[in-house]
Every structure is written in structure tokens, then in C-alpha cells.
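I have placed the structure first, in the form of C-alpha cells, so that the comments after it can refer back to it.
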Amino acid sequence: MLEKENIQQLRKMTTKAEANKALNTIKGLVEGIYIDNLINDIEVEELDNWWKSHYDLISKVPFNEIIPLVKKICADKIITETELLDLQWTIDNILSENRYYDLITSKIQELEGVFHGILADNTITNDEIKNLEQWLFDNEELVGTYPFDEIESLIVGILEDGVITEKEKNYLKIFLSEFIDSDSSTTIDFDVIKQLKEDITISGICTINPLIEFKNKQFCFTGISKTMKRKEIASKIESLGGIYKDTITKKTDFLIIGDDSNPCWAFSCYGRKVEEAMNMRKQGYKISIVKEIDFIDATIE
């Protein structure tokens, strides 16, 4: 266990990173809360909890400006559209001057804040799902980055038949909850989500419309192909300048999921290699999990 002095020293070293993450989170939280153009009492409570959770930063710039503002607009338990727009304007201006991380990292932190805002009142509406789809469309530069591909695939799968079911909303609740620290929320019912997890399993989610390149890219395959043998897949990849390996490594660029592989629900794919790839994506490695049909399309383009 780290001694108190070592913990304090470590925090000094990560102050800028922590501050930037807090700012990106509040930006996303506000967007997620208002993504359906409505804000209720429970969501106000969660926003009120943000400034209380970060009050130890009140003496630091820019929190000496933003925390009093959040505290003020939450004081009467009612947030008007004007107050929300003022808050968003302030956050945007602060972030434009405080980019400690690169754009991708900042946007992913913002996306996780959006997840938090959507889940804050424990209800996911159709409008929130559709507006989240628009957020993803507006931030396509995040393609290939965890968890952008996963949430994009999940949202596209939910919306593709034009009907949003409660079961699909529960899938989404489980997924969003994975990116929210339970200590950072006073409103989200994690006990309900825990119960949902006992009935629903979400594994790796395949990338939607992936950009598959072959030159010097490393591929791996899992499952069973309906169209060709594994040796033929390897030969095809190598003929296009790619590299085929039977195992996943840190150098793997694409994991192909056989169309006749293990049973899976509409948005997901299963198996040991998928789990390995997902764990590596969570660590920041750029491994795309792609369906066999997308791989085949890429070989004939």
C-alpha cells in the first residue's frame, strides 16, 4: 500500500490529467443530461453531485470559476435552458484553453460523461438513443477508439429495425454503466444494473463499416467461416500485403469474426479471442473486431 506522502506526490504528478478529465466529464455530463432536450429533478441532483465531488479543486484554475457556477445553477433545484447554455459556453471556453490531453483522449472522456448524463435518471428514452447516435455521427474521428466502435455498433443495432425495445434499452444501460464510477453518482441505481447483468451478457461488439487495410496490417481469425477455409483466409490476406497470425498479439490490427461462429445476439460476438481483443482495446491498442462479410467486401474492392 502506498504511504500518504507517496499518494500526495503521485497526485501532484497527475494533477493536470485529473483536472482535464474532470472538465471533459462535466462537459459530457451536461450534454448527456440534456441530450433529450429535457432535464428532470434527478438529473439536477446528479449535476449537483459533480461540484460536491470535485470541491477539493475549488482553489485551482479553472475550477474556481466553474464550481461556483455549477453550484449556483443547482441551488434552486431547477435548471433553465439559459443556465445550461451559459454553463456549456463556459466549459467550452475553458477547455479550449486547457488541452492537456490530445483531442481523441478528451473526446473519449467527454463521451463517457455523456454516458453518465444519459444514465443519471435511470431511464433511457428513445430521444436519448437517437441523439446519442447523432453525437457519434458528429464525432466520427473517434472511429477505431475504445469504446466508440462498441457504442456505435450497439446504437446502430438498436435502431436498424425502427423499434426500440425495453430489452435493447437494458443492453444499453449495462454498457453505459461500465464507464461510470459508482462513487461519482448519487442517483444511478447500480443494484438494478447488477441484476440486469446477471441476466444479460455483453461481450465484444463488432465495428460498423470498418475501414480495413491490408498492407503491413496483421490479422487474426476466430470462429467458422461459411465461405472459405482458414488457410484460404490467410492466403488471401497475404496476397493483399497483410500478415496472418493464428494468435492475437499487441501487433494485431484486425480480428475477423467468422459468420458461422458461436451463437451471438445482434450486436455482439463471443469467444476467447474476442475477449482477448476486447481487453487489449480497453488498454488502448487499436484492434478492430470485424465481421467476416466486411472482410470479404474489403478483399474485392
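The values are calculated or read from the model by the stated rules, or taken from the named source; none is laboratory data. Keep in mind that this is a model prediction, so the values were computed, not measured. Here the Cβ positions follow ideal geometry from the backbone for every residue, glycine too, while neighbour counts run over all protein chains shown. To get the accessible areas, we keep the full protein, side chains included, count just its heavy atoms, and leave off ligands, DNA and RNA. Shrake-Rupley method; radii C 1.70, N 1.55, O 1.52, S 1.80 Å.
Cβ contacts < 8 Å: first residue open to solvent by 20 Å² or more (accessible area, probe 1.4 Å), restricted to the stretch 79-99; second residue polar (S, T, N, Q) and at pLDDT below 90, any location; separation 6+ or different chain. Result? Partner pairs satisfying both residue conditions: 98/20; 99/20; 99/106. List every residue pair whose Cβ atoms sit under 6 Å apart, with the two residues 6 or more apart in sequence or on different chains, where the first one lies in the stretch 187-213 and is of a type in the set (Lys, Arg) and the second, anywhere, is open to solvent by less than 50 Å² (accessible area, probe 1.4 Å) and not in a loop (DSSP other than H, G, I, E, B). Listed by first residue and then by second, the contacts come to 197/174. Just a yes or no: is a residue in the stretch 66-83 within 20 Å of residue 139 (Cα to Cα) and at pLDDT below 90? No, the stretch 66-83 has no match at all.
Results for (1) of a type in the set (Asp, Glu); (2) farther than 27 Å from residue 22 by Cβ; (3) open to solvent by 60 Å² or more (accessible area, probe 1.4 Å), shown as yes or no for each residue.
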site: 136; (1), (2), (3): no, no, no
site: 139; (1), (2), (3): no, no, no
site: 145; (1), (2), (3): no, no, no
site: 148; (1), (2), (3): no, no, no
site: 155; (1), (2), (3): no, no, no
site: 159; (1), (2), (3): no, yes, no
site: 166; (1), (2), (3): yes, yes, yes
site: 184; (1), (2), (3): no, no, no
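Residues that are of a type outside the set (A, V, I, L, M, F, W, C) and within 20 Å of residue 95 (Cβ to Cβ) within the stretch 38-54 comprise 53, 54, listed in sequence order. The residues in the stretch 138-148 that are of a type outside the set (A, V, I, L, M) and in a helix (DSSP H, G or I) can be counted, and the count is 4. Considering only residues in the stretch 155-198 that are touching a His at 6+ places or on another chain (Cβ under 9 Å) and outside any loop (DSSP other than H, G, I, E, B), the one that is modelled with the highest pLDDT turns out to be 176.
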